[in-house]
Amino acid sequence: MKKKMTTVTFKGTPEQEAQLIQVIGEYKNTKGALMPVLQKAQAIYGYLPLEVQKIVAEGMDVSLAEIYGVITFYSQFLLNPKGDVAIDVCMGTACYVRGAGDILDKISGSLGVKSGETSDDGRYSLEGVRCIGACGLAPVITINGSVYGRLKLGEVDKILDKYKEKNI
Amino acid sequence: MKINNLADLNALKEEANKRLEVKWKTKIVVGMATCGMAAGATPVMNALKEEIAAGKLENIEVSQVGCIGLCEYEPIIEVFEEGKENNRVTYVKMDAEKAKEVIKTHIAGGKIAEAYTIGAGGEDNISSIENTQFYKHQQRISLRNCGVIDPENIEDYIAGDGYFALAKVLNGMSREDVIKLLKDSGLRGRGGGGFPTGLKWEFAFKQDSDKKYVCCNADEGDPGAFMDRSILEGDPHSVVEAMAIAGYAVGSDEGYIYIRAEYPVAVKRLGIAIDQAKKMGLLGKDIMGSGFNFDLEIRLGAGAFVCGEETALITSIEGNRGEPRPRPPFPAVKGLFGKPTILNNVETYANIGQIILNGADWFSGLGTEKSKGTKVFALGGKITNTGLVEIPMGMTLRKVVGEIGGGIPNGKKFKAAQTGGPSGGCIPASLFDTPIDYDNLTAIGSMMGSGGLIVMDEDTCMVDIAKYFLDFTVDESCGKCGPCRIGTKRMYELLEKITSGNGEEEDLDKLEELGAHIKSASLCGLGQTAPNPVLSTMKYFRDEYISHVKDKKCAAGVCKSLLSYIILEDKCIGCTACKKVCPTEAISGERKEAHAIDQSKCIKCDACVQKCKFGAIIKR
Ligand SMILES: Cc1cc2nc3c(=O)[nH]c(=O)nc-3n(C[C@H](O)[C@H](O)[C@H](O)COP(=O)(O)O)c2cc1C
Ligand code: FES
């Protein structure tokens, strides 16, 4: 998967940085710690912009190039922040043969957000993702972690409506 | 409580069983695996508890269990009552209101709430899952505790002989004994390759090294397979126990479980299981007073399919890009951090405790000549009973799909079954009577894989499915070797050309030739098997490829570029709804008269089909 560098300005706080440095400290003596550290860093910041990569590089004494290489290898590491409403459409085989492609197109059309992108206001992000293991309920989408299964095209807009309010 | 020896373990088992027996007067279980929760099991659980409290009902235990297996009918609850004729009743498609009614009618009123049972409305009026076609033909070994015990309670596991296999091994079996037993059992790896597990352990055992590792592959990359998730969510201790046994057998004191981050519930329950085992002294130093030490750590994947391949997985645990390495040296010789390492799949481990307790002969008595025991399959796609089933090796596809799976929904015709995920192939109806085992599936151009079994009907286009899998491998190819990185991309482009209506007959030959080269020249299993979905569909569904190429037609109605949108005159009432929504003004016609679509203007956006309330617009 191609990954683009972000254009969003970095808004990390000193508290977040302190948290990250603590995590790095905890993993100092663990073998093969880079992955868990990056996973925790992403949990803290929501994504892994260059600024965060630099902190990890310095703290763990690994080159920035190596860190960038690892981040771009794994699809779960994000160079861009997700939307406030993050929609993942499962594109696993079971979901695909039950019409996941049409669901993805439909959501994309309704929100005006392309797959793999975030809306300009940062509100919605949409992604086709790998099997989430709820294949028995195919087709499946998740919105901010909540799973909606056995989805029909006609139900999509109703579900999206739930997330219209700004406080979610 | 700390378990210091076999006597302690026995005492705990007895105590746990006593406690469970009391519970068993009436026990209600709620399936709370990912699928159950996604379907709404949590409000059901809450409603049950509320209603029991409101009715001041006593001696009733409500507990969570893992996946019961029948995803299609989630949320599922089951009521077990001691000493009654119908002592197990399965209620399906529950919601909070229905759950409250079950409590009122069944628990308080003593009558089965017939409207909600699994067989409701059916001729034979079955009330328990045990009597359904779905369940009857199964033989549950690795899933034996899933849907039965509370996965977050180690005592439930111990009550059913949990950790007794570890105790047996540590009390009187030599390492050679354990390995011989496994070899005799005939157990083969359930992660796809089917390598004999005992042999793998023996290789690692024979290595002379100061340090060895035991790893578990819980990356479950095959889209459409979810048996490993179910086992970890429903019975995590079975994997923990088996890894400790593996540690003892090969001489390792440290293990890693590499699990997909997409499985948060499984990660959580596995973490709880490891903590509980550590507290009881079933992991850690001097396990049950034997002097044997073993510790476990969880590592999360980050979404890369290739990390399911053993050498890539090891590279990933080491903290690098998960690229595979050439073999040999095999991991059993030089694996994690350069040390001898064994890696087994979740389902493989889930069988091991039972083999130790019941013996090699018991296990090798099941299955076919070369594939012993059972295999779990995830039934998905166009099949009535989606879910997880565990069947003895050697059962025919016809029985699995037709009887256990309940056939194809909506009166559609079966077209193919896909096994082995992106490495596997599509099996046509003509091979339906093939007994399922490792070697048979490979012989017909597919493979066992991890056990995803996706059923496809007449509405599935085989060329499109082949393209779908190629898209997946192009995306997931790690890029290290040329044949896979470049070859799969070229194959994908050819399929894109065919499905968009620009295919030529020679493209089919090119696909076959490229496929053969990629298979023979790629570095790891990903590339070596990537052409399978294309080659197998070309072999069994060649006419579909030809009609895409020659007639520019997609009979299944999937490949958009090859379709025309047509308005059926006899169904169209002339409401003008489609005309209004068409963005290119391709639709003409007067009010109350049949409309028509100008094919030269139509961009196939599907807007009219979605708008039409009368089913008058079809794709052909
Ligand atoms: C591309 C690729 C992906 C794989 N994915 C998985 C997987 O998700 N889970 C798994 O257990 N094995 C997977 N395997 C097989 C492993 O390499 C390995 O053979 C297996 O984990 C060994 O365990 P077993 O002998 O118990 O089956 C994969 C292999 C390849 C080539
Ligand atoms: S294929 Fe969608 S959840 Fe598995």
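The values are calculated or read from the model by the stated rules, or taken from the named source; none is laboratory data. Owing to the predicted nature of the structure, the values given are computational and were not obtained by experimental measurement. Positions of Cβ are backbone-derived with ideal geometry, glycine not excepted, and every protein chain shown enters the neighbour counts. Heads up: the accessible areas ignore ligands, DNA and RNA and are worked out on the full protein's heavy atoms, side chains in. Shrake-Rupley method; radii C 1.70, N 1.55, O 1.52, S 1.80 Å.
General observations
- Qualifying position, being small (G, A, S) and modelled with pLDDT of 95 or more, among B:A261, B:A249: B:A249
- For A:L79: the one exception among (1) away from ligand 2 (no atom under 16 Å from the Cβ); (2) without any contact (Cβ under 8 Å) to a residue 60 or more places away in the chain; (3) outside the structural domain of A:T30 (by TED's automatic domain parsing): (2)
- Selection over segment A:1-47 of residues that are among the small types (G, A, S), touching a Gly at 6+ places or on another chain (Cβ under 9 Å) and open to solvent by 40 Å² or more (accessible area, probe 1.4 Å) gives a count of 1.
- Entry remark, segment A:77-97: residues being aliphatic (A, V, I, L, M) and farther than 28 Å from A:A41 by Cα number 2 in total.
- None of A:G112, A:G101, A:G92, A:G128 is more than 16 Å from ligand 2 (Cβ to nearest atom), among the small types (G, A, S) and modelled with pLDDT under 95 except A:G112.
- Total residues in segment B:370-400, condition within 14 Å of chain A (Cβ to nearest Cβ) and closer than 17 Å to B:G452 by Cβ: 13
- Selected residue (criterion: nearest to the chain's Cα centre (by Cα)) from residues of segment A:48-61 that are crowded, with 17+ Cβ neighbours inside 10 Å and assigned to a loop (DSSP other than H, G, I, E, B): A:L48
- Listed conditions (1) within 15 Å of ligand 2 (Cβ to nearest atom); (2) open to solvent by 30 Å² or more (accessible area, probe 1.4 Å); (3) touching a Ser or Thr at 6+ places or on another chain (Cβ under 9 Å); (4) modelled with pLDDT under 90 are all met by A:S146, apart from (3).
Let's see how each residue does on (1) assigned to a loop (DSSP other than H, G, I, E, B); (2) closer than 19 Å to A:G149 by Cα:
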site	(1), (2)
B:E61	no, no
B:Q64	no, no
B:C67	yes, yes
B:E72	no, yes
B:P75	yes, yes
B:E78	no, no
B:K84	yes, no
B:K93	yes, yes
B:A99	no, no
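- The condition (being within 11 Å of chain B (Cβ to nearest Cβ), away from ligand 1 (no atom under 16 Å from the Cβ) and not in a helix (DSSP H, G or I)) is satisfied by just one residue among A:G128, A:G122, A:G109, A:G101: A:G128.
- Taken together, the residues in segment B:456-473 that are in contact with a Phe, Trp or Tyr (Cβ under 7 Å, 6 or more places away or on another chain) and either within 23 Å of B:N345 (Cβ to Cβ) or facing chain A (nearest Cβ under 10 Å) (or both) amount to 3.
- The residues in segment B:417-476 that are open to solvent by less than 10 Å² (accessible area, probe 1.4 Å), away from ligand 1 (no atom under 16 Å from the Cβ), touching a strand residue (DSSP E or B) at 6+ places or on another chain (Cβ under 9 Å) and in a helix (DSSP H, G or I) can be counted, and the count is 3.
- Filter result for B:R325 (of a type in the set (D, E, K, R) and within 16 Å of ligand 2 (Cβ to nearest atom)): no
- From the options A:K114, A:K11, residue that is over 26 Å from B:G479 (Cβ atoms), under 20 Å from the mean Cα position of the chain (by Cα), of a type in the set (D, E, K, R) and more than 10 Å from every other protein chain (Cβ to nearest Cβ): A:K11
Here's the yes/no breakdown for (1) of a type outside the set (D, E, K, R); (2) in a helix (DSSP H, G or I):
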{"site": "B:D543", "(1), (2)": "no, yes"}
{"site": "B:V549", "(1), (2)": "yes, yes"}
{"site": "B:K580", "(1), (2)": "no, yes"}
{"site": "B:P583", "(1), (2)": "yes, no"}
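- Residues of segment A:67-75 include none that is open to solvent by less than 60 Å² (accessible area, probe 1.4 Å), away from chain B (no Cβ under 12 Å), assigned to a loop (DSSP other than H, G, I, E, B) and away from ligand 2 (no atom under 16 Å from the Cβ).
- In segment B:188-199, of all residues being surrounded by fewer than 24 Cβ atoms within 10 Å (Cβ to Cβ) and under 23 Å from B:L296 (Cβ atoms), the one that is farthest from ligand 2 (Cβ to nearest atom) corresponds to B:G198.
- Top-ranked residue of segment B:543-558 - restricted to ones that are of a type outside the set (A, V, I, L, M) and in contact (Cβ under 8 Å) with a residue 24 or more places away in the chain, ranked as farthest from ligand 2 (Cβ to nearest atom): B:K550
- Within segment A:136-152, at least one residue is assigned to a helix (DSSP H, G or I) and facing chain B (nearest Cβ under 9 Å).
- Subset of segment B:521-542 [surrounded by fewer than 21 Cβ atoms within 10 Å (Cβ to Cβ), without any contact (Cβ under 8 Å) to a residue 60 or more places away in the chain and either touching a Lys or Arg at 6+ places or on another chain (Cβ under 9 Å) or assigned by TED's automatic domain parsing to the domain that holds B:G193 (or both)]: B:Q528
- B:G503 vs. criteria open to solvent by less than 10 Å² (accessible area, probe 1.4 Å), part of a helix (DSSP H, G or I) and more than 23 Å from B:G224 (Cα to Cα): no
- Residues that are of a type in the set (G, A, S), in contact (Cβ under 8 Å) with a residue 12 or more places away in the chain and surrounded by fewer than 20 Cβ atoms within 10 Å (Cβ to Cβ) within segment B:98-119 comprise B:A108, B:G119, listed in sequence order.
- Which listed residue, of A:K31, A:K40, is more than 17 Å from the chain's Cα centre (by Cα), among the basic types (K, R) and either part of a helix (DSSP H, G or I) or not assigned by TED's automatic domain parsing to the domain that holds A:E127 (or both): A:K31
- Breaking point among (1) buried (at least 17 other Cβ atoms within 10 Å of the Cβ); (2) under 26 Å from A:A94 (Cα atoms), for B:Q133: (1)
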